[in-house]
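The values are calculated or read from the model by the stated rules, or taken from the named source; none is laboratory data. Keep in mind the model is a prediction, meaning the values are calculated, not measured. Note that each Cβ is placed from the backbone with ideal geometry, even for glycine, and that neighbours are counted across all protein chains shown. With ligands, DNA and RNA removed, areas are computed over all heavy atoms of the protein, side chains included. Shrake-Rupley method; radii C 1.70, N 1.55, O 1.52, S 1.80 Å.
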Amino acid sequence: MPGRIAVCLRPARVAMGRGFVFACGVLLLPLSLGGQSAAPVSNSPAVAPSNSPAVLPGRGLAQHDFLYCGEWNHTEAQQTMWIIRKGKAVWSYSIPFNVMFNNKPDIAELGDCTQLSNGNIVFSTRLGATEITPDKRIVWQMFTPIGTELHSIQPIGLDHVLIAQNGSPAKLLLINTTTNKVEKEIPIPVRDPAHPHGQLRRARMTPAGTFLVAHMDLGKVAEYDSAGKEIWSYETPGPWAAVRLANGNTLITGDAHGYVKEVNRAGEVVWSIDRPDLAGYNIGNIQDVERLANGDTVFSNWVPNKVTDPKEWPTTVQLFEVTPEKKIVWALREWANPPLGPASGLQMLNEPGVPEQNGQQR
């Protein structure tokens, strides 16, 4: 069993390299945190799955270069994010699943992850957020206060991040990762302040400097100005992610409701895909989404709540790419080589644009 190190969290900010902590409590981390090496990729024969076709469209891991992370892989002691390039797993980084936080058992999980143009990666852990270098050195880190959760982090340039902190109150925080100062704080309304888990997932600053928030609990996507005033909203059940496209429309995923839709400023649905359009595939929770430069849409299919037996997870597809005509051109099912696990966050790495400058929001 690897050794463990206790990280004591106090209300005052505590420097950790370029990092700091906001919370109280103790977080027990394995000394081998982030030490998992990249796994080789094999071309294993297709299985006869019950939750997806035996033969899948696309080129498997070789379809795209991508960054991948998923939440609540409760069958594993570590939660691992992966970088895939040219069909091979070239990098991975792990965090422990079970931790002690504020002297109570808790879980950490990956949910939102982005590789920056300098190679660093920022990601959320439910209990906080981290920036690491390609050689797995932590250059910035923060933990959330007790009773709050963090499922969303967006890089803003190379020295700022926008996080959405679920809690009472929920809030958006723009943090300078060099000075460790919160430069903007915007309270966000939620339905039930006492239960943070189901409040918010993705929140993004748009190129116009406004803030787009997927309110899971309120059943709407809302856009706020820099003062926190709501300037646009669209009602839709259980939104998990919302991306402002270059054409001004908003791309939204429906989590357990299993949809992706593109809506315009008037609230009209101009494109959508739903479970009936994906016949033959067991669709769980559609979470992250990205519009590609060629007009296709890639989204993740998180399955633990729909396929409750982990032994059946490997028969499900984790990532889809569909054309504007809703044709599936890529369906990725890879649970062994490497063990990608359930899918939440994704980033296509072979797409043009600078990630920390909203360059990949099409």
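Of Leu158, Leu278, the order by accessible heavy-atom surface (1.4 Å probe, DNA, RNA and ligands excluded), from most exposed downward, is Leu158, Leu278.
Asp217 sits with roughly 30 Å² accessible to a 1.4 Å probe, with DNA, RNA and ligands left out of the calculation. Charges were assigned to the Cβ only: +1 to each Lys and Arg, -1 to each Asp and Glu. The resulting dipole of the range 77-177 about its Cα centre is roughly 280 debye. Estimated at 0.36 nm per residue, the fully extended path between Thr323 and Thr75 surpasses their Cα-Cα distance by 85.9 nm. Heavy atoms of the protein chains alone define the surface here; on that basis the chain has 39 Å² accessible area per residue at 1.4 Å probe size.
PRE reach from Lys88 (point 7 Å along Cα→Cβ): which of the range 330-351 fall under 17 Å by backbone N? So the set is 337-339. The Cα trace of the chain gives Rg and Dmax of 19.2, 56 Å, the first to one decimal, the second as a whole number. Assuming charge only on the beta carbon of Lys and Arg (+1) and of Asp and Glu (-1), the dipole of the range 150-277 about its Cα centre is about 180 debye to the nearest 20.
On the accessible surface of the chain, probed at 1.4 Å, how many percent belong to carbon and sulfur atoms? For the chain, the apolar C and S fraction of the accessible surface comes to 54 percent. Computed from label points 7 Å out along Cα-Cβ, the spacing between Asp135 and Ile231 is 4.4 nm. Remark: relative contact order (the chain) = 16 percent; criterion is Cα-Cα distance under 8 angstrom and separation of 6 or more residues.
Dipole magnitude for the range 200-335: about 80 debye, using +1 per Lys or Arg Cβ and -1 per Asp or Glu Cβ, origin at the Cα centre. Fully extending the segment from Asp192 to Ser168 would add 7.8 nm, taking 0.36 nm per residue of separation and subtracting the current Cα-Cα distance. Protein-only accessible surface at a 1.4 angstrom probe places the residues Arg275, Arg202, Arg333 in the order Arg275, Arg333, Arg202, largest first. When nucleic acids and ligands are ignored and a 1.4 Å probe is applied, Tyr224 ends up with an accessible area of around 10 Å². Legend: residues Arg265, Arg85, sorted from most to least accessible area (1.4 Å probe; ligands, DNA and RNA excluded), read Arg265, Arg85. Given a 1.4 Å probe and the protein chains as shown, Trp330 ends up with an accessible area of around 0 Å². Counting every alpha-carbon pair across the range 214-362, the share separated by more than 24 Å comes to 33%.
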